[in-house]
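Here's the structure we're looking at; comments come further down.
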Amino acid sequence: TVYVLGNKSIDVIDFSAPMPQISNEGLNFGQGVNFGGERRVDIVGNVAYVADWFSGIHLYDISNPNLPLLLSSFHTPGSPKGMIVRDNIAYVPDDDHGLQIIDVKNPRAPKLIAHLQTSGLGYTPKLAGNLLYLASHRGGFQIIDVSDPTKPQQLSEYDTPGKAWSLAIQGDKLYVAD
């Protein structure tokens with residue numbers, strides 16, 4: 001047991017409890033929270049979209065933040081390292097399986113609508129208008145036209161000298177954490 005003294009409180013942390021389950025395996029939807037390989041989260045409205053390194057993506061109802069409820073899971077073929085959701089479409093970089101594009105309009109039944117194989121290992125996506133910028137670890141980054149999410153088109157790519165982990169867009173500049 002650890003006692004943590006704060007400004008106006010003492011928190012007690014009990015380490016004797018059993019370790020949390022590592023995956024959602026065996027859980028019914030609406031139960032628990034996955035304590036596995038979560039890497040990124042994107043929140044739209046009352047739904048948290050979680051990219052899980054080990055088991056795909058998970059959608060949680062967070063209307064009560066103290067009790068997130070698992071709505072569904074979608075297993076991707078690879079290892080999701082990030083995700084961004086816009087207009088009920090999830091763009092999921094899936095490691096060496098490229099970009100998975102998933103319709104999440106019904107958060108209880110996500111469905112794959114497109115796949116685009118990319119070089120490198122898909123990590124961090126950023127959207128600007130109809131362009132998706134994708135950091136790809138061993139492959140620099142790609143610029144992908146997603147104006148029609150069912151038919152993504154890679155427009156260009158640039159191989160950075162190191163390993164592109166993440167990126168950010170500011171105006172007409174792309175900054176790559178390499």
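How much accessible area per residue does the chain have, in Å², with a 1.4 Å probe? In whole numbers, the chain has 56 Å² accessible per residue. In plain terms, the chain from Ser156 to Ser63 could stretch by 29.5 nm, reckoned as 0.36 nm per residue minus the Cα-Cα distance. Extension gain for Asp172-Val2 works out to 56.3 nm (0.36 nm per residue, less the C-alpha to C-alpha distance). Pairs of lysines in the chain whose Cα atoms sit within less than 26 Å of one another amount to 15, provided the residues are eight or more positions apart or on different chains. For the chain, carbon and sulfur atoms together expose 54% of the accessible surface, with a 1.4 angstrom probe and every protein chain in place. Pairs of C-alpha atoms in the chain farther apart than 22 Å represent 49 percent of all such pairs.
Quote the FRET efficiency, to the nearest 0.05, computed for Ser9 versus Lys163 with a Förster distance R0 of 30 Å and r equal to the Cβ-Cβ distance. That gives a FRET efficiency of 0.10. Heavy-atom accessible surface of Trp53, to the nearest 10 Å², is about 90 Å², with a 1.4 Å probe and all protein chains retained. Note that segment 86-178 shows a convex hull volume over its alpha carbon atoms of 87 Å³ per residue.
Share of pairwise Cα-Cα distances greater than 11 Å in segment 116-166 is 62 percent (whole percent). Simple point charges give the picture: +1 on the Cβ of Lys and Arg, -1 on the Cβ of Asp and Glu, and for the chain a dipole about the Cα centre of about 180 debye.
Residues Asp178, Asp87, Asp52, Asp42, ordered by accessible area of protein heavy atoms at a 1.4 angstrom probe radius and largest first, appear as Asp87, Asp178, Asp42, Asp52.
Once the Cα-Cα distance is subtracted from the 0.36 nm per residue extended length, the Arg86 to Phe54 segment shows a gain of 9.2 nm. Heavy-atom accessible area for Arg39, with the other protein chains in place and a 1.4 Å probe, reaches approximately 90 Å².
Which shape class applies to segment 55-120: rounded if a/c is under 1.5, otherwise prolate when a/b exceeds b/c and oblate if not, where a ≥ b ≥ c are the square roots of the Cα gyration tensor eigenvalues? In terms of gyration-tensor shape, prolate.
The values are calculated or read from the model by the stated rules, or taken from the named source; none is laboratory data. Just so it is clear, the model here is predicted, and its values are computed rather than measured. When we count neighbours, we look across all protein chains shown, and the Cβ atoms used for this are built from the backbone with ideal geometry, even at glycine. The area values use the complete protein model at the heavy-atom level, side chains included, leaving out ligands, DNA and RNA. Shrake-Rupley method; radii C 1.70, N 1.55, O 1.52, S 1.80 Å.
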